[in-house]
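Nothing in this text is a laboratory measurement; each read-out follows from the coordinates by a stated rule. Bear in mind the structure is a predicted one, so any value in this text is a computation, not a measurement. Virtual Cβ from ideal backbone geometry, glycine too; neighbours counted across all protein chains shown.
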Amino acid sequence: MRWRYFFVYIHSMNENQSALLVTSIPPSACKAGVAKLTTTTAIASFERSGFRVLSLGRPGEKAGLGHFPTVGFREASSPGMFSLRYGPAFGDLLSAIGGEDIGAVVNADIYMVQSNILDVLDTASNTILVARRVDVEHLGGEVIGVYRRGIDGIFFSRNTVSEIREDADLACFQLGAPYWDVVLPVAASFHHRLRFIPAPFLCHPIHEAKWNEADYRLLRTQAVKAIISHAEKYRHRSQNADAFLTGLERRLRVTKPRSALRREKQIAEYMGHWLSQFETPAVPELEVDLSDPVIRSSAQHLFAHSVEGLSLARLLDSPELSWPAAVRVAFRAFRRSFRSHRRAQRIERQIRLESSANSSRS
């Protein structure tokens, strides 16, 4: 069965609930069409997991109150680095969480699989959970893969937002713009226990990127400056901040970048490597509902692939092989698979011809 969209019943929320999820619903999601259907389903998934939802808009941006009646809407006070593009700045997003016991920031086009995440956060101490998304063709459709260049959801236990919120160089990053999804979890790891929720937990219908190369380069420069400054500020108070800088200094001594741009790129790459160490172990106390209809449907698409196709995909994604070597091995495997497929076609044709001939004789 091919389901294009899933509509989930939005239940009435408990007024006493203190779990706030902050997002940003763009005006384009208020128009009838794919974006609105995706956003409606995403909001329902947040609420099914026990969150109440608040949408922050850029200063002066039109709110979608009439289109999403269960969502609270508020205007951000800071324009961030780009006043007319992207979502609100994280200073405003984290200020909205404020004194809440538990809080989260998640993109508005993300579908969250139902789980006991509120119970995990409620019993956790000094912990921040983050999750990478699974890109899909559409909700319940073909799986594209896990997006590993950043995160799409960050979940705070009690009193864990202040260090990021109070650093102006971090607070200016914006939801929907590049590099918030790297710099924020790196900074969080200096102060609290950072844990990755394994996929599948967040699903994202893939779409064309809304940022451009110039913005990406600018934000990479800002991310590198901000994270080094933050680490140096807390180096003597945070073991992880000191370890981050020590590892970075060692790496730069070995690589000896010959230009400021090359140095910047190597630091940005190191930030990604730093985060990877927190991806294991998983969060065993988190119970994700794998019978969720979106996940179940996408899994059916995934298991429809041939073993050859999945093997080739895994091979090309392997970090152990250099790209030229991977291409050569993949080409040989593809050639073998193609020949096997052609042989199977010839045999099928021969069987059909023989069957047809036997039918004619009878």
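Can you compute the FRET efficiency between Leu261 and Gln350 using 1/(1 + (r/R0)^6), with r the Cβ-Cβ distance and R0 = 51 Å? Round to the nearest 0.05.
The calculated FRET efficiency here is 0.25.
Any idea how far apart Lys31 and Ser83 come out in nm if each label point goes 7 Å out from Cα toward Cβ?
Reported label-point gap for Lys31 and Ser83 is 2.5 nm.
What size of dipole, in debye to the nearest 20, comes out for region 73-154 about its Cα centre when the only charges are +1 on Lys and Arg C-beta atoms and -1 on Asp and Glu C-beta atoms?
Value, rounded to 20: 340 debye.
Along each principal axis of its Cα atoms, how long is region 170-244 end to end? Whole angstroms, biggest number first, please.
Principal axes ranked by extent give 43, 32, 17 Å for the Cα atoms.
For Arg148 and Arg296, compute 0.36 nm times the residue count separating them, minus their Cα-Cα distance, and round to one decimal in nm. If you can, show how the numbers build up before the last one.
On the way: separation 148, 0.36 × 148 = 53.28 nm, distance 2.19 nm.
Net length gain for the segment: 51.1 nm.
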